[in-house]
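Notes for the one structure printed next.
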Amino acid sequence: MQPQYYADYLELNKVLNAQHPVSFQPPHTPAHDEMLFIIIHQAYELWFKQIMHEVESVAAIMELPALHDNSPQLQTIVHRLHRVNTIMQVLVHQMDIMETMTPMDFLDFRDMLRPASGFQSWQFKVLEARLGLRYADRFGKEYYTSMLRPEYTAMVRDAESRPNLLQLINKWLERMPYFDNDALWSGFEITSQALPDLHAFWSEYRSRLQASLDSPESANLQFFDKVIGFAETNIERQLGPAASRAALFIMLYRGYPILQMPYLLLEACLELDEQLSTWRYRHMNMVHRMIGHRIGTGGSTGKQYLKGAADSHYIFAEVAQLSSFLIERRNLPKLPEAVERMLGFVVG
């Protein structure tokens, strides 16, 4: 086996010689901060590559036909999503370094970059698609690949054509077994009038949710019926009714051992959305500080485009919406003993 040396293993000769500031080339006057600008963006792209590595591994596990909630597989998923969120925190903090560059420092080399732009980051577009951002939900979808080379556009389209993480989570949630066996619920106590065609638990829970809502929140009950699948709706969601019920059940009873890891998975998704949103808003504010209302070097509307994307590109919003349907712990329906046994570490 050949010995490995630090510089060779990391291919530092390539990495450290991959910065070629345009302003350093004759006849331009070297712009000191262009080196920082290049390294920051190269670091972003390297982190995007690592995030994609983690997300693809999570998707591969979730595509398995027999993902078991009481197994190391789910822990691995949660661990890797936690790593993604930690990386996203680093990406947010890298804005602090970028903002040591003043607008005048940026103007020293900005016009030399056209039409290069962060808008052309195909890795980030692929990442958004693999997480669950659909083409129909994109802000500025009519031109979001217009500045990409054909081979990069093909990569984005391919990412959009495959089952994304949100869709895989939907399928995983739909497999929740606790409502398939009526015998498990034979001892369930109903304190309100049972609603026809509803499982006893959800009939009871709907009644308790209704009692918890203030008058201005009455629309929440109608939204609950549509999201959970108790009323017809034309709302198009990636998280279907059965998956929404399962996710809400996990949120409500997350204290039970078997539900703790599924809850952490859902929380990791919500944390990822929050980190992505924070990164987008930091980026938007940084751009506004640097160029005001000028257009981006790639031809986008600059701050206006970034704000539109930040406002509309929440990927796991359908999971976050379920918090609208939570009630106080003290008012949760008491689960039958048979269901509680299933939610313990030992099934029997």
- Task: Working only within the range 201-256, note down all residues that are closer than 15 Å to L332 by Cα, polar (S, T, N, Q) and in contact with a helix residue (DSSP H, G or I) (Cβ under 8 Å, 6 or more places away or on another chain).
- Result: Q210, S212
- Residues of the range 129-161 being within 21 Å of Q238 (Cα to Cα), in contact (Cβ under 8 Å) with a residue 24 or more places away in the chain and of a type in the set (S, T, Y), which ones? Y135
- Restricted to the range 94-134 and to residues being aromatic (F, W, Y) and more than 30 Å from the chain's Cα centre (by Cα), the residue surrounded by the most Cβ atoms within 10 Å (Cβ to Cβ) is F109
- Note on the structure: Among residues of the range 123-148 being touching a Ser or Thr at 6+ places or on another chain (Cβ under 8 Å) and in a helix (DSSP H, G or I), the residue modelled with the highest pLDDT is K125
- Message: If I ask for residues that are surrounded by 13 or more Cβ atoms within 10 Å (Cβ to Cβ) and either in contact with a Gly (Cβ under 9 Å, 6 or more places away or on another chain) or in contact (Cβ under 8 Å) with a residue 60 or more places away in the chain (or both), which ones from the range 42-55 would you list?
- Response: Y44, E45, F48, I51, M52, V55
- Query: On the given criteria, is P163 at pLDDT 90 or above, surrounded by fewer than 17 Cβ atoms within 10 Å (Cβ to Cβ), over 18 Å from F249 (Cβ atoms) and in contact with a helix residue (DSSP H, G or I) (Cβ under 8 Å, 6 or more places away or on another chain)?
  - Reply: yes
- Message: Residues that are basic (K, R) and modelled with pLDDT under 95: list the helices (runs of 4 or more DSSP H) wholly contained in the range 233-348 that include at least 2 such residues.
- Response: 257-291, 303-312
- From the set of residues in the range 1-41 that are polar (S, T, N, Q) and surrounded by 13 or more Cβ atoms within 10 Å (Cβ to Cβ), which is nearest to the chain's Cα centre (by Cα)? Q19
- Task: Determine which single condition I235 fails, assuming it passes every other condition in (1) out of contact with any Phe, Trp or Tyr (no Cβ under 6 Å at 6 or more places or on another chain); (2) among the hydrophobic types (A, V, I, L, M, F, W, C); (3) surrounded by 17 or more Cβ atoms within 10 Å (Cβ to Cβ).
- Result: (3)
- From P196, P177, which residue is more than 23 Å from E337 (Cα to Cα) and surrounded by fewer than 15 Cβ atoms within 10 Å (Cβ to Cβ)? P196
- Item | the range 228-242, residues that are farther than 24 Å from L165 by Cβ and small (G, A, S) | A231
- Task: Could you tell me which residue of the range 238-282 is nearest to the chain's Cα centre (by Cα), considering only residues that are small (G, A, S) and surrounded by 20 or more Cβ atoms within 10 Å (Cβ to Cβ)?
- Result: A268
- Query: Restricting attention to the range 105-118, does a residue exist that is part of a helix (DSSP H, G or I), of a type in the set (D, E, K, R) and closer than 30 Å to Y256 by Cα?
  - Reply: no
- Hey, does the range 69-79 have a residue that's farther than 26 Å from L239 by Cβ and either part of a helix (DSSP H, G or I) or more than 17 Å from the chain's Cα centre (by Cα) (or both)? no
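The values are calculated or read from the model by the stated rules, or taken from the named source; none is laboratory data. The structure presented is a predicted model; accordingly, all values stated were derived computationally and were not measured. Please note: Cβ atoms are built from the backbone with ideal geometry, for glycine as well, and neighbour counts cover all protein chains shown.
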